[in-house]
Amino acid sequence: DTLYGTTCAGGPGGRGTVFSLQANGSGFMVLHYFNAVNSATGTNVAGASPVASLLLSSNQLFGTTSAGGAGAAGTVFCLATNGGPFYVIHSFTALASNGTNAYGAFPVAPLLRVGDSLFGTAFSGGPGAAGTVFNVPVPAPPAVITNVVHHPDGTVML
């Protein structure tokens, strides 16, 4: 059995990690390092400081970061359990001066998958500046090229 978790700090960027560990305590492996945020804007590409537990669905891990992202308000991300492709599903937008935005900010609770959607909560932002319950669609897995065929006429088929 494999356990998966996050750290809210540490790693080369100082903004947390996603890791795996065998239930017997062996096989510790960092699957993803979160990069530092821009010191002036608080933004980065992938988010920073994950604090909630991860959601395991098939061979994918889904999680949230409580900071960073394009709006400096956190992200929802997906990562393969083998450390394979990491991608941001949603980046929460920056807060207006009155503390509001469209979908909330700073998610710190675990996600729940219902059908093809991920549901979560954000403790700030939203239309009333008091947080939101949000949902984002689960993206289709990225395409993987499994075979390349070169024909004698020079065409290539994937």
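The values are calculated or read from the model by the stated rules, or taken from the named source; none is laboratory data. Keep in mind the model is a prediction, meaning the values are calculated, not measured. In this analysis, Cβ positions are derived from the backbone assuming ideal geometry, glycine residues included, and neighbour counts consider all displayed protein chains. These area figures cover heavy atoms from the full protein model, side chains too; ligands, DNA and RNA do not enter into them. Shrake-Rupley method; radii C 1.70, N 1.55, O 1.52, S 1.80 Å.
Among residues that are in contact with a strand residue (DSSP E or B) (Cβ under 6 Å, 6 or more places away or on another chain), modelled with pLDDT of 95 or more and closer than 20 Å to SER124 by Cβ, ALA96 is not included. Being open to solvent by 70 Å² or more (accessible area, probe 1.4 Å) and over 12 Å from ALA72 (Cα atoms) is the filter here; which residues of the range 25-40 pass it? Those that are open to solvent by 70 Å² or more (accessible area, probe 1.4 Å) and over 12 Å from ALA72 (Cα atoms): PHE28, MET29, TYR33, ASN35. Test LEU61 against the stated conditions and say whether it is under 12 Å from the mean Cα position of the chain (by Cα), at pLDDT 95 or above and closer than 17 Å to ALA140 by Cβ. Answer is yes for this residue.
Give me the pairs: first residue in the range 102-120 and charged (D, E, K, R), second residue not in a strand (DSSP E or B), beta-carbon distance under 8 Å, and six or more apart or on different chains, which are they? Taking only residues 6 or more apart or on different chains, the pairs are ARG113/VAL138; ASP116/VAL138.
From PHE77, PHE19, PHE86, PHE28, which residue is in contact with a His (Cβ under 6 Å, 6 or more places away or on another chain) and not aliphatic (A, V, I, L, M)? It would help to see each step written out before you state the result.
Values: PHE77 fails: in contact with a His (Cβ under 6 Å, 6 or more places away or on another chain); PHE19 fails: in contact with a His (Cβ under 6 Å, 6 or more places away or on another chain); PHE28 fails: in contact with a His (Cβ under 6 Å, 6 or more places away or on another chain).
Step by step, each of PHE77, PHE19, PHE86, PHE28 is checked, and only PHE86 is in contact with a His (Cβ under 6 Å, 6 or more places away or on another chain) and not aliphatic (A, V, I, L, M).
Filter the range 10-33 down to the residues that are farther than 17 Å from LEU56 by Cβ, assigned to a loop (DSSP other than H, G, I, E, B) and over 15 Å from the mean Cα position of the chain (by Cα) and list them by number. Those that are farther than 17 Å from LEU56 by Cβ, assigned to a loop (DSSP other than H, G, I, E, B) and over 15 Å from the mean Cα position of the chain (by Cα): GLY11, PRO12, GLY13, GLY14, ASN24, GLY25, SER26, PHE28. Remark: pairs (first residue in the range 131-154, at pLDDT 65 or above; second residue assigned to a loop (DSSP other than H, G, I, E, B) and surrounded by 13 or more Cβ atoms within 10 Å (Cβ to Cβ); Cβ separation under 7 Å; 6+ apart in sequence or on different chains) = GLY131/GLY104; GLY131/GLY125; THR132/TYR103; THR132/GLY104; THR132/GLY125; THR132/GLY126; PHE134/TYR103; PHE134/GLY104.
Candidates are the residues of the range 94-128 that are in contact with a Phe, Trp or Tyr (Cβ under 6 Å, 6 or more places away or on another chain) and among the aromatic types (Phe, Trp, Tyr); the one that is surrounded by the fewest Cβ atoms within 10 Å (Cβ to Cβ) is PHE123.
Of all the residues in the range 11-24, those that are modelled with pLDDT under 95 and open to solvent by less than 60 Å² (accessible area, probe 1.4 Å) number 3.
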